[in-house]
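Colleague: Here it is, the structure in full.
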Amino acid sequence: MPENPDPADARSRTIGDDDAGFVARCQRGETDAFAFLVKRHQKKMINIAYRMIGDYDEACDVVQEAFLSAWRAIGNFRGDARFSTWLCGIVLNHARSHLAQRAARSRNEGASLDDPVISADGRLLNGSPCREASVIEQIEKRERESKVQECISALEDEQREVLVLRDIQGFSYEEIGAMLKLPEGTVKSRIFRARNILKDGLLKVFGDLT
């Protein structure tokens, strides 16, 4: 597996991107370079998919399909945006398709205490309890995370997308606009609406936490 990107390839890119050298190698058919990119971005992409879908196993399947699509389309990547931005757009497209298929089946399952829960930084929260915390504290934490995810999942798809990308993943308005092919003003207005709706949902579940 490569340890460093090709400096000549990296310098040829007009947009600064730590992935640029590895992308160039992928475009030459080097699968080990793509394996590196998968390892680098997998956790973040799974977290995005999970926040969109609400089910960890399904999110993993979606991300696997998205990486396969990215590998097939890597030759079309021209560096007009960061690779991570381009990849996130592919993940979102697969997540949308998955949600549409699930909606067609009219399946509306709530989260259980056995469901994996991921924090905003991509960590699984349903592993073995921390030594410092009691079992009750762990259960309460998982319940809170599950309820927060339920509130996120209750948002409309277009609102959930921008909220996850901005407030959980920290993408810029410009990057989100590029991913979703939306004007920056539209992105900001959707985020504003999504935050207000999510706040109302959280207040109903948790009450005033201020």
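The values are calculated or read from the model by the stated rules, or taken from the named source; none is laboratory data. Only a predicted model underlies this, so the values are computations on that prediction, with no experimental measurement involved. Here the Cβ is made from the backbone with ideal geometry for all residues, glycine too, and neighbour counts use every protein chain on show. The accessibility values were calculated without ligands, DNA or RNA, using every heavy atom of the protein model including side chains. Shrake-Rupley method; radii C 1.70, N 1.55, O 1.52, S 1.80 Å.
Colleague: By the gyration tensor of its Cα atoms, with a ≥ b ≥ c the square roots of the eigenvalues, what is the shape of the range 146-186: rounded for a/c under 1.5, prolate for a/b over b/c, or oblate?
Modeller: Prolate.
Colleague: Now for a different question. Give the residue from ALA81, ALA100, GLN64 lying farthest towards the positive end of the charge dipole for the range 59-110; charges sit on Cβ (+1 for Lys and Arg, -1 for Asp and Glu) and the dipole is referred to the Cα centre.
Modeller: The residue sitting most towards the positive pole is ALA100.
Colleague: Go through the range 63-76 residue by residue and turn each phi into a ³J(HN,Hα) via Karplus (6.51, -1.76, 1.60, θ = phi - 60°); whole Hz please, and just put x for glycine and proline.
Modeller: 5, 4, 5, 5, 5, 4, 5, 5, 4, 5, 9, 4, x, 8
Colleague: Could you derive backbone 3J(HN,Hα) for the range 35-43 from the dihedral phi with the Karplus parameters 6.51, -1.76 and 1.60 (θ = phi - 60°), listing whole Hz in sequence and x where the residue is Gly or Pro?
Modeller: Values, residue by residue: 4, 5, 5, 4, 4, 5, 10, 4, 4 Hz.
Colleague: Skip the ligands, DNA and RNA, and give the accessible area per residue of the range 135-183 with a 1.4 Å probe, whole Å².
Modeller: Ligands and nucleic acids excluded, the figure is 51 Å² per residue.
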